[in-house]
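**Student:** Could you have a look at this structure, given as structure tokens, before my questions?
Any read-out appearing in this document is the output of simple, stated calculations on the displayed coordinates, not a laboratory observation. This is a predicted model, so every value here is computed, not measured. Reconstructed Cβ throughout: ideal geometry from the backbone, glycine too, with neighbour counts over all protein chains shown.
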Amino acid sequence: MNTASSHPTITFIGGGNMASAIIGGLMRQGHPASALQVVEPWDEQRAKLVQQFPGVALLPAASASLQPAELVVWAVKPQTFKEAALASQPHLGRALHLSVAAGITSESMATWLQTQRIVRAMPNTPALVGLGMTGLFARTGASEADRALVEAVVRTTGELVWVEAETQLDAVTALSGSGPAYVFYFLEAMRDAGARMGLPPEVAYQLAVGTFVGAATLAQRSEDPPQTLRERVTSKGGTTYAALTSMEAAGVKTKFEDALFAAKNRAKELGQEFGG
């Protein structure tokens with residue numbers, strides 16, 4: 001524990017975008033850099049982190065020089081998780097473990113890390129701007145205090161929800177974990193369509209982004225379900241009706257739901273591929 005109980009020592013295994021988002025959120029809320037350490041094997045990424053987060057300890061590999069950590073955040077790719085876990089485990093003491101790696105099950109982690117104090121998280125990239133949405137699952141070995149610590153850390157990047165079954169994290173991955181890419185996909189389409197209609201691409205993009213932000217904020221603040229909000233914008237025979245009718249005729253909603261199931265299935269496959 002650091003000088004104050006609210007500032008535990010946290011070790012990050014992996015220093016990519018998600019680790020950066022959490023570190024940035026922690027430091028914005030007063031967590032001292034001296035209580036943070038990152039194991040990042042890539043020289044270029046370590047150099048970037050040095051510039052971005054002065055005072056945070058950076059190591060090329062886990063070793064006995066790691067400070068005893070209360071929390072270890074696993075921010076590595078699924079395909080490298082097992083190797084990193086086996087190499088790091090002897091140096092991590094009895095810490096609580098929080099994984100943001102897609103697909104890797106807590107059962108695999110428990111085997112590799114020799115502990116039951118494990119929480120899995122599925123965050124998303126809006127965490128980089130403090131507007132993330134994270135799904136969480138805790139093994140029974142994680143105490144209420146462990147869950148509270150995880151919540152305090154994750155809330156520095158945005159909102160969170162707990163799920164009761166670990167398998168539900170595959171659905172969280174499909175909806176919110178991969179979800180920002182779906183939004184960006186539609187933003188691309190709206191920008192390109194606007195340009196084809198004669199607008200400057202940058203104006204079309206500004207209109208599209210503003211519309212997504214505004215509609216999402218309206219949905220967040222409204223007690224009405226999305227279909228009600230949609231119906232209020234849709235006049236029979238009007239412009240919105242024409243667009244939605246075209247989408248329905250093309251089966252856009254069904255195909256979009258199929259795409260989410262493809263993401264969910266891939267999340268499950270990742271655990272099977274790299275969890276052995």
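**Student:** Given DSSP loops and a limit of at most 11 other Cβ atoms within 10 Å, what is the longest stretch of the chain that contains no such GluC sites (Glu not before Pro)?
**Tutor:** 1-163
**Student:** Select from A62, A87, A21 the residue whose mean-square fluctuation is largest in a Gaussian network model of the chain (Cα-Cα springs shorter than 10 Å).
**Tutor:** Taking springs between Cα atoms under 10 Å, the residue moving most is A87.
**Student:** For V129 and A87 in the same chain, what is the full-extension length gain: residue separation times 0.36 nm, less their Cα-Cα distance, in nm?
**Tutor:** 11.9 nm
**Student:** Gaussian network model of the chain, Cα springs within a sub-10 Å range: biggest mean-square fluctuation belongs to which of T156, T228, T254?
**Tutor:** In the Gaussian network model the winner is T228.
**Student:** Please give me, ordered by residue number, the trypsin sites (Lys or Arg not before Pro) of segment 169-276 that lie in loop per DSSP and have at most 12 other Cβ atoms within 10 Å.
**Tutor:** K236
**Student:** Here is a follow-up. So if the hydrodynamic radius of the chain is defined as the Kirkwood radius over C-alpha pairs, what does Stokes-Einstein give as its diffusion coefficient at 10 °C and 1.306 mPa s, in µm² per second?
**Tutor:** 77 µm²/s
**Student:** Under 10 Å, Cα contacts only: if you run a Gaussian network model on the chain, which one of L160, L131, L199 comes out with the highest mean-square fluctuation?
**Tutor:** L199
**Student:** Which three numbers, in whole Å and largest first, are the semi-axes of the equivalent ellipsoid of segment 179-270 derived from its Cα gyration tensor as √(5λ)?
**Tutor:** 23, 19, 16
**Student:** Follow-up. Determine how many Å³ per residue the convex hull of the Cα atoms of segment 1-153 encloses.
**Tutor:** Once divided by residue count, the hull of segment 1-153 is 103 Å³.
**Student:** Something else now. Taking a label point 7 Å from the Cα of T211 along the Cα→Cβ vector, which residues of segment 243-259 have an amide N closer than 14 Å to it?
**Tutor:** Answer for this model: 243-247.
**Student:** Whole-Hz Karplus ³J(HN,Hα) for segment 91-99, in order, using 6.51 cos²θ - 1.76 cosθ + 1.60 and θ = phi - 60°, x for Gly and Pro?
**Tutor:** Along segment 91-99, the couplings run 10, 10, x, 10, 5, 7, 10, 10, 9 Hz.
**Student:** On a 0 to 90 degree scale, rounded to 10, what angle separates helix 239-249 from the longest Cα axis of the chain?
**Tutor:** 70 degrees
**Student:** Report the extension gain between Q227 and K253 in nm, rounded to one decimal, defined as 0.36 nm multiplied by the number of residues separating them, less their alpha carbon distance.
**Tutor:** Value of the extension gain: 8.1 nm.
**Student:** Scan around F12 for amide H atoms under 5 Å from its own, H built in the peptide plane at 1.01 Å from N, and keep only partners 5 or more places away or cross-chain.
**Tutor:** Counting only residues 5 or more places away or on other chains, the set is Q37, V38, V39, V73.
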